[in-house]
Amino acid sequence: MSGNSRFLSKIYLFQERETHCKLDNKVRKMDILFIRHAESSNNVLLAELEAKMASGEYTRDQGLRKWYASRSLDAPLSEKGKLQASRLGEYYSEVLKDGDYLAFCSPFMRTLDTLHPLATALGPKKMKVIVHPEIYESGGVFESNPATKERVGSDKCFTGRQIKEKYGFDTSLIPQDKGWYAGKPFETEDMCIDRSKRVAEWLFTESLHRQAQGKTVVLVAHQHFLSFLFCALQGISPKSYAFPVGNTETIYATICRKPQRFVSFRWIGKSDHLSRHHPPVIGLRASL
């Protein structure tokens, strides 16, 4: 059995557990839509290098050196990624138009540019966006030496003030006048796993559930971080399981705090918005 199949076997289905998570005078459950960012220039570069390593044109060492020499510290969206973000915004602005939303977005450019078309289409009254300092990609913002492959944290990224001016999002949780990653080291995989566990715990907190009361939460982040986060939510080891999420694919879940903590998934890896012929959205809106 594959790692993903073994992982999915541990997920509670929404229909089986929803009745145990009804609201009373206390906030007990929260619906959340996870979104991975659209394709970035780094995604394109990595795919090209992996293809050359697979064909034998590059050795693994040559591929890694080229990656460290050519990658962007804060990668923009590719042309394909811009189209993906546009289609995401067009599709989900229709799906989500009847509700209110509280969105949390990674401070990286690729996540901000992915969410911006959707947030713009819905408007700030229906979707408040908060830039969250803990949901960035594994590694953080880092510079690297192609010769030694040494990696160090970098502040060459957006400041809170720049994000606020460009996107209009709430940046009160990140530094305003210096790069949001300033002062942090290169993040190892183990450090990212620990961070994903902290975020998983935050998703169960009463304070967040009260903040999101009456709203659906939207969380826009990254492949590796989301994979670690889903493992943390299920209490399984990310060293043994992987949870691949394609660019702009969505996962919709309900997180229940009481009487028993659990996560139930309505869908995983949805990418209908990338189809040329979108299916009707009435059923999806009803499920939200």
_Beta bridges per DSSP with both ends in the stretch 87-222, % antiparallel, nearest 5_ = 25 percent
*For the chain, which whole percent of the accessible surface, found with a 1.4 angstrom probe, sits on carbon and sulfur atoms?*
50 percent
*Selection of GluC sites (Glu not before Pro), the stretch 35-94, meeting DSSP coil and at most 13 other Cβ within 10 Å*: GLU57
*If you put +1 on each Lys and Arg Cβ and -1 on each Asp and Glu Cβ, how big is the dipole of the stretch 83-200 around its Cα centre, in Debye rounded to 20?*
220 debye
_Span from the the stretch 72-97 Cα centroid across to the the stretch 29-57 one, whole angstrom_ = 14 Å
*Among LYS52, LYS197, LYS270, which one moves the most in a GNM of the chain with springs linking Cα atoms closer than 10 Å?*
LYS52
*asked:* Rolling a 1.4 Å sphere over the protein heavy atoms, what is the accessible area per residue of the stretch 115-263, to the nearest Å²?
replied: 43 Å²
*DSSP beta bridge pairing in the chain, given as percent antiparallel to the nearest 5*: 50 percent
*Cα centroids of the stretch 225-251 and the stretch 132-196: how far apart, whole angstrom?*
21 Å
*Run the dipole for the chain about the Cα centre, Lys and Arg Cβ at +1, Asp and Glu Cβ at -1, nothing else charged, and hand back the magnitude in debye, nearest 20.*
640 debye
*Rounded if a/c is under 1.5, else prolate if a/b beats b/c, else oblate: with a ≥ b ≥ c from the C-alpha gyration tensor eigenvalues square-rooted, which is the stretch 204-268?*
oblate
*Report the relative contact order of the chain, percent, no decimals, based on alpha-carbon pairs under 8 angstrom and at least 6 residues apart.*
28 percent
*Go through the stretch 125-136 residue by residue and turn each phi into a ³J(HN,Hα) via Karplus (6.51, -1.76, 1.60, θ = phi - 60°); whole Hz please, and just put x for glycine and proline.*
6, 9, 9, 8, 10, 10, 7, 9, x, 10, 10, 7
*Among LEU96, THR59, ILE32, pick out the residue whose Cα is farthest towards the positive end of the charge dipole of the stretch 30-122, where Lys and Arg carry +1 and Asp and Glu carry -1 on C-beta, about the Cα centre.*
THR59
*asked:* Distance cut-off 29 Å, Cα to Cα: go down the list LYS126/LYS164; LYS97/LYS178; LYS82/LYS239 and report the pairs above it.
replied: LYS97/LYS178; LYS82/LYS239
_Charge dipole of the stretch 192-266 about the Cα centre (unit charges at C-beta), most positive-ward option of THR250, LEU203, PHE225_ = LEU203
*To the nearest 10 Å², what's ARG87's accessible area with a 1.4 Å probe?*
60 Å²
_Can you give me the long-range amide H partners of LEU219? Hydrogens built in the peptide plane at 1.01 Å from N, cutoff under 5 Å, separation of 5 or more residues or another chain._
LEU33, PHE34, ILE35, PHE104
_Global form of the stretch 125-267, assessed from the alpha-carbon gyration tensor, a/c cut-off 1.5_ = oblate
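The values are calculated or read from the model by the stated rules, or taken from the named source; none is laboratory data. None of these values were measured; they are calculated from a predicted model. In this analysis, Cβ positions are derived from the backbone assuming ideal geometry, glycine residues included, and neighbour counts consider all displayed protein chains. What goes into the accessible areas is simple: the full protein's heavy atoms, side chains included, and nothing from ligands, DNA or RNA. Shrake-Rupley method; radii C 1.70, N 1.55, O 1.52, S 1.80 Å.
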